[in-house]
């Protein structure tokens, strides 16, 4: 095909795409011209700005001193406040089904709610920093490979995923649509760790290595919990889908629990008792009493000598 032939086909391609868009309203047509959606790029910018505030001097803000700290922090607060307020306005218009300003005029209720939630969020930010300090210490204390707490802040994916979720959770509790999930799914894409913004996380949480960890919306995790890679805290009957919305579907993990790699724990009624140790690759759908250890039955290794009979050793077949 020549390029001029391709160019001649472009109107047909455009018409086919437009027709398909109209035929699939659940993807975007019902939102076209109706609401202004939040921006994924600006959500990421909010995360990066907030990371500068919770870990000052590590990201973005360099050369901090006692004298310039208020000025530099003030700059970032002003920038992130504007970004967050703007994105909250769009999210709240989406929730209320309101059109963009330029079409129907301002939505005073949405703007007031956006300002209120922004204020609440920044009021809670010092407390989030306090909790994250415990997460940093837990990551360092729990990993003998860590040289300093600075290393955990700079490089540990579990800490990043926890940080983003703790921030997104504040917005989730305030019934903000879209933005909390955009934030945690960005962290998921960066770390391989999926924590729903609705999950309740206790203090001094450590997610070690982290790749493949899934923590569902109604999960409740206590204090001083350690979770390794590949762990799933999931729903027992996901086939019911939307029928389970609003119900407690994911497990509760009490304080001082360790969950080793590959464990799957399912169900809203499932409680892992305080101080328990959950071994690797176990599948749990019932509660575990406190101070218990759960392990999978050891697999049997079978060895069979595949050499010709004349070359085999005395012991040809055995199993462990």
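Here are some notes:
- Relative to the longest principal axis of the Cα atoms of the chain, the long axis of helix 157-173 makes an angle of roughly 50 degrees.
- Exposure proxy order (Cβ contacts within 10 Å, fewest to most) of 186, 2: 2, 186
- Relative packing of 191-198, 152-159, which averages over residues the other C-beta atoms within 10 Å, highest first: 191-198, 152-159
- Cα long-axis angle, helix 108-141 against the chain (0 to 90 degrees, to the nearest 10): 30
- Per-residue [θ]222 nm for the chain (sum of -39500 (n - 2.57) over DSSP H runs n ≥ 4, rounded to 500): -14500 deg cm²/dmol
- Simple label model, 7 Å out from Cα along Cβ direction - residue 23 to residue 305, nm: 6.6
- Relative contact order computed over segment 212-298 (Cα-Cα under 8 Å; 6+ residues apart), in percent: 26
- The distance separating the Cα centre of segment 272-306 from that of segment 110-178 comes to 32 Å.
- With the convex hull drawn over the C-alpha atoms of segment 123-183, the volume per residue is 79 Å³.
- Segment 30-197 pair-distance distribution - Cα-Cα, 10 Å bins, rounded %: 10, 35, 33, 16, 5, 1
- Size descriptors for segment 212-298, from the alpha-carbon set: Rg then Dmax equal 12.1, 38 Å.
- On Cα atoms only, tilt of 69-96 relative to the major axis of the chain in degrees: 80
- As a proxy for reagent exposure, ranking 164, 131 by other Cβ atoms within 10 Å from fewest up yields 131, 164.
- Comparing 165, 52, 291 in a Gaussian network model of the chain, where Cα atoms under 10 Å apart are tied by springs, the biggest mean-square fluctuation is seen for 291.
- Largest GNM mean-square fluctuation across 217, 185, 48, computed for the chain with C-alpha springs under 10 Å, falls on 48.
- Size descriptors for the chain: radius of gyration and Dmax over Cα atoms are 25.4, 91 Å.
Each value in this text was obtained by applying a stated rule to the coordinates, not by laboratory testing. These numbers were taken from a predicted model, which means no experiment stands behind them. Counting neighbours? That spans all protein chains shown, and the Cβs are built from the backbone with ideal geometry, glycine included.
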